[in-house]
Amino acid sequence: MAVTTSSDWSFPPCINCKNIILKPKICYCCNTLPFLSNIFLNSRTLLVAKSSSCSSPVLEEKSQKKTTKNSQIVELDLEQIQDYSTTNGTTSTCLPDSKDLNGLICNLLKDPQTQGIVYDYYEKAKGNKDFRPEKSTLKLLIRYLVNSNKWSSIFSLSKDLRTMQVLPDSSTCCRLISSCMKSRKFKIVNSFLELFIIVDQEISVLAFDSAMKGYNKLHMYSCSVILYEKMRSAGLVLDPGCYCSIMEAHSQIGNCDKVVALFEEFESKKVESTPYYAQIYKNLCESLGKSRRAFEALEYFRDMTKKGIQEDHSFYSILICGFASIREVKMAEELLDEAEGKKMLRDPALFLKLVLRYIEEECMEKTLDVVATMTRVRIRVSDCIFCAIVNGFSRKRGLRAAIKVYEDLTSQGCEPGQVTFASVLNLYCRLGLYSKAEMVFSEMEQKGFDKCVVAYSSMIAMYGKTGRPKDAMKLVAKMKERGCQPNVWVYNALLDIHGKVLNLRQVEKIWKEMKRRKIFPDRVSYTSIISAYSKAREFDKCLIYYQEFTLNGGRLDRAMAGIMVGVFSKMNRVEELISLLQNMKREGTELDGRLQRSALNSLRDAGLQIQAKWLQESFGAT
């Protein structure tokens, strides 16, 4: 098939020579024929290319189909076009006018089959000095480039628009900025914003607002502040949307005074009505609440309602949380009742904030009142709130009180989640109610919470206390089968279990598995393994692990110090014993009577009376 060629306007042919029928609408190959632009401006015109190198059945098959009424079929011989395009070795430079070019580009963009060549056509069209893309052309072109993720072409387009001093409509500009922000194309955003400032300040304000909103969604609040300063320096007048965006940015940064100043500036403009009014007040109240200025936030909120601006549930959430954070529980309760009366209690976060405040104030019964309020307004008691109440009672009222609250809340229909189950399981284990602990663990498995490492570690520790090492190992195997990898707590429990029964082979195996899985042992791990070897009177092993512990930056506690005093005393390692006792004295670690006597006897047997006297003075007489 002969392909039309031209140095100015060349595109791949649209007719496939392999008898594959392509949709023949718009197959354009040459700009040197002015009449082609008129063909393309008629959307009902069908352009069919004819060439001696193509098999005829394609054209015959197409001719058998009925054409639509009022449609035209223009048959072009591509070889003749090529001959017409190049005469005597020179290329014709006849170009369509700007209006025809805009219409042609729009028609190409409207057809999915020709969109792929449209940007090349646009690049050629720029060669016409009279060419100026119209708003409709730019709208379709930008939409195509954005959907195709052709960001380099979009950046090049910004330079072209700067040169030609033309812009698309405002909605297209805002959508373009938003799309670039979503794709993190900040360089392109800055390029277009600079262009908008030069060409159209009204569009600039809308575009800057879109950019600030994009930065805020990405939590890049400092970039929003930079854009705001750029607007100020360019002399742009902020609209309500810009005030809303910049106030949100300063609120998130923690610039409460700046938020108040921006609000006062906005108020001074006396804007009669704007859909951004409620959001502007919300940003103000939220900033004041975070800055522990809840009473000021309440005043602005009352002011807003007097102006007839509709409040929503988020205002009450902001105010209640603000008063709870400054320990003004009474005001928080009054607002809670007010919001309940207006049916504006929808945010579970405010209930969690109240529960935590009541726990800090030791008003434990009021946490149950919060649950009652949530039940009345039909908000589910979340796992976080349930767990906070149970753990609060555990700390303030004791383990049994926490268990009772848990059982009462579950009887009222509150459903515990994984965190609450794990906490209650730990409580049962600490109380020695092992059968109930196993019931809770079984219930967790039935509800699908079978990958909770905390629960597994509690159960393994319980099996250790009850002398069931085989059950502990089976549970670890089941844990691994379920894709839940043991952590250092689980390994510590296993080391303690096997260490107590002097199963040193298993202890060593567990330790090597920890190293292989790159689970770094903590102080409890070292204490457990050193204690196991100390009971087995393998003191050399104790020294090896203790040296490893100190080299890794481990700090002594009473348990570790007590074990090593016994080890050094039994091995007559007087220098290490004295060094250890000095470290204990320096860090304020106490020494029990039995180990103190052992250390004292070791020093006396070595003839170190002065050191023995120092030991008695430092840790007291035994």
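The values are calculated or read from the model by the stated rules, or taken from the named source; none is laboratory data. Nothing here was measured: the structure is a model prediction, and the numbers come from that model. Counting neighbours? That spans all protein chains shown, and the Cβs are built from the backbone with ideal geometry, glycine included. Side chains included, ligands, DNA and RNA excluded: accessible areas come from the protein's heavy atoms. Shrake-Rupley method; radii C 1.70, N 1.55, O 1.52, S 1.80 Å.
Values as computed for the structure displayed
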| item | result |
| --- | --- |
| Among F266, G308, S291 - extreme Cα towards positive end, dipole of segment 258-310, charges at beta-carbon | S291 |
| Out-of-range pairs (alpha-carbon distance over 21 Å; input K480/K515; K139/K159; K110/K182; K474/K512; K290/K343) | K110/K182; K290/K343 |
| J(HN,Hα) series, segment 491-507, from Karplus relation 6.51 cos²θ - 1.76 cosθ + 1.60, nearest Hz, glycine and proline x | 5, 4, 5, 5, 4, 5, 4, 6, x, 5, 9, 6, 8, 5, 4, 5, 4 |
| Contour excess over end-to-end distance, with Cα ends at E407 and K474 and 0.36 nm allotted per residue | 21.2 nm |
| Prolate/oblate/rounded call for segment 392-470, Cα gyration tensor, a/c under 1.5 rounded | oblate |
| Fraction in percent of alpha-carbon pairs per bin - 5 Å, segment 316-449 | 2, 11, 20, 22, 17, 13, 8, 5, 2, 0 |
| Debye, to nearest 20: dipole size of segment 152-299, +1 on Lys, Arg Cβ, -1 on Asp, Glu Cβ | 680 |
| Accessible solvent surface per residue of segment 135-201, calculated while the other protein chains remain in place, 1.4 angstrom probe, Å² | 46 |
| At 0.692 mPa s and 37 °C, Stokes D of segment 426-540 from Kirkwood alpha-carbon radius, µm² per second | 226 |
| Å³ per residue enclosed by the Cα convex hull of segment 367-506 | 109 |
| Inter-label distance for K535 and K306, nm, one decimal - labels placed 7 Å from Cα along Cα-to-Cβ | 7.4 |
| Shape category assigned to segment 503-589 from the gyration tensor of Cα positions, a/c cut at 1.5 | oblate |
| In Å², nearest 10: area of R143 left accessible to a 1.4 Å probe | 140 |
| Residue-normalised accessible area of segment 301-342, expressed per residue, 1.4 Å probe, Å² | 46 |
| C-alpha center-to-center spacing [segment 204-226, segment 493-525] in angstrom | 54 |
| Accessible surface of segment 363-495, 1.4 Å probe, proportion on carbon and sulfur as whole % | 51 |
| Contour minus Cα-Cα distance for S136 and E513 (0.36 nm per residue) | 128.9 nm |
| Size of charge dipole - segment 98-191 - debye, nearest 20, with Cβ of Lys, Arg +1 and Asp, Glu -1, no other charges | 400 |
| Full-extension gain in nm, M571 to R143, via 0.36 nm per residue minus C-alpha separation | 145.9 nm |
| Span from the segment 342-408 Cα centroid across to the segment 163-186 one, whole angstrom | 49 |
| Residue-level accessible surface for C363, protein heavy atoms, 1.4 Å, Å² | 50 |
| Residue order for H219, H313 - accessible surface, 1.4 angstrom probe, largest first | H219, H313 |
| Rounded percent of accessible protein surface that carbon and sulfur make up, segment 219-360, 1.4 Å probe | 50 |
| Cβ charges +1 (Lys, Arg) and -1 (Asp, Glu), total dipole of segment 412-564, debye | 360 |
| Compactness of segment 245-355 - radius of gyration and Dmax, Cα, Å | 13.6, 42 |
